[in-house]
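> One structure is given below, represented as structure tokens, and several questions about it will come after.
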């Protein structure tokens, strides 16, 4: 690790983040004290493996460290007090590196929820349309089965996508790189599930719904 690095340790269901000051200490936004603290690397690690998050673009180490040190002892960071979802340790560490607060672990969950909701609504609407517009019983049956295949099995693909993105992030990948890994897993998982349940037509429907979900998730992220 080097001065100004965004570092983190993984717990069972979450990760804890901070900024390496380069002198054996780390500045982090503590949930326990709800304040920005400066602690030793060993205490921050808590017996766990210390990892470094990669960035495609970020500010210089001196700038990052200066931002972190300015907040030591404060009960607010990034303009607000500690909040598990909207202003946590990852928001603070990312802000120190890029002056843009963000939490990959929270954003991934929100994107997945938005995508799943969009796909579920689209699937229900598609079933109604397929049932009403099909003129022959056989055609209606094929269309209905193909669209029905998207739910609930595509929830498995959503879970796979979230798991792949989270795993990549926990290995230290840049947030965009981690998201790309998740997208690849989600698309392949959706296609495989659709193909297994309803053949090529099911695969096409599944990929279409996956693309719809990604579009909605992208709009949520941009906002």
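Read-outs throughout are calculated quantities, based only on the coordinates presented, and are distinct from any laboratory measurement. As the structure is a computational prediction, the values presented were derived from the model and not from experiment. Cβ sites come from the backbone with ideal geometry, for glycine too, and all protein chains shown count toward neighbours.
> Between residue 11 and residue 70, with labels modelled 7 Å along Cα→Cβ, what's the label distance in nm to one decimal, could you check?
2.9 nm
> Quick check: pseudo-label points 7 Å beyond the Cα along Cα→Cβ at residue 48 and residue 109, how many nm apart are they?
Label at residue 48, label at residue 109, 1.4 nm between them.
> Counting other beta carbons within 10 Å of each Cβ, put 78, 27 in order, fewest first.
On the way: 78 19, 27 25.
Least crowded to most crowded, the residues run 78, 27.
> Please compute the Kirkwood hydrodynamic radius over region 6-102, one decimal place, Å, based on all pairs of different Cα atoms.
On the way: mean 1/r = 0.0765 Å⁻¹.
One over the average 1/r among Cα pairs gives 13.1 Å for region 6-102.
> Please list the equivalent ellipsoid semi-axes of region 172-223, computed as the square roots of five times the alpha-carbon gyration tensor eigenvalues, in descending order and whole angstrom. Can you show the working numbers first?
On the way: eigenvalues 116, 39, 5 Å².
Ellipsoid semi-axes (Å, largest first): 24, 14, 5.
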